[in-house]
1. In the stretch 62-77, which residues are within 17 Å of A25 (Cβ to Cβ) and either surrounded by 16 or more Cβ atoms within 10 Å (Cβ to Cβ) or among the hydroxyl-bearing types (S, T, Y) (or both)?
2. Does the stretch 16-35 contain at least one residue that is touching a strand residue (DSSP E or B) at 6+ places or on another chain (Cβ under 8 Å), surrounded by fewer than 19 Cβ atoms within 10 Å (Cβ to Cβ) and either of a type in the set (F, W, Y) or under 17 Å from T96 (Cα atoms) (or both)?
3. So for the stretch 12-22 (the condition being of a type in the set (D, E, K, R) and touching a Ser or Thr at 6+ places or on another chain (Cβ under 7 Å)), does at least one residue qualify?
4. Filter the stretch 36-66 down to the residues that are aromatic (F, W, Y) and closer than 15 Å to L95 by Cβ and list them by number.
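Bear in mind these aren't lab numbers, they're just calculated from the coordinates by the rules spelled out. Bear in mind the structure is a predicted one, so any value in this text is a computation, not a measurement. As a convention, Cβ positions derive from the backbone with ideal geometry for all residues, glycine included, and neighbour counts pool all protein chains shown.
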Amino acid sequence: MEISKNAQGSSLEIAVKGRLDTTTAPLLEAELKRSIDKVTELYIDFAELEYLSSAGLRVLLAAQKVMNKQGKMVIRHVNETISEVFEITGFSEILTVE
């Protein structure tokens with residue numbers, strides 16, 4: 001998995017490439033904990049995300065809880081497979097997906 005980020009003021013975009021699973025979820029979790037302290041707009045780009053496991057969902061849920069207190073979180077460019085995971089798990093009701 002590769003993570004890239006682009007910060008502009010209080011807005012942060014994080015792009016995730018590859019697989020977000022049990023092995024890689026802690027990397028994204030650590031990056032989010034380091035990066036979202038003063039962020040009011042968090043955008044997560046999944047254009048190049050191939051796979052999302054329950055461990056990845058847990059990281060997204062934790063980030064959403066933090067952002068509910070300090071701003072908004074939007075997940076962008078979700079492919080059909082990831083979108084189906086969000087639908088089946090009910091995360092499409094919790095997360096803002098564009």
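1. A63, Q64, V66, M73, I75 - these are the residues of the stretch 62-77 that are within 17 Å of A25 (Cβ to Cβ) and either surrounded by 16 or more Cβ atoms within 10 Å (Cβ to Cβ) or among the hydroxyl-bearing types (S, T, Y) (or both).
2. No, every residue in the stretch 16-35 fails to be touching a strand residue (DSSP E or B) at 6+ places or on another chain (Cβ under 8 Å), surrounded by fewer than 19 Cβ atoms within 10 Å (Cβ to Cβ) and either of a type in the set (F, W, Y) or under 17 Å from T96 (Cα atoms) (or both).
3. yes
4. Y43, F46
Rundown of residues vs (1) of a type in the set (A, V, I, L, M, F, W, C); (2) at positive phi, yes/no style:
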position: E29; (1), (2): no, no
position: A47; (1), (2): yes, no
position: E84; (1), (2): no, no
position: G90; (1), (2): no, yes
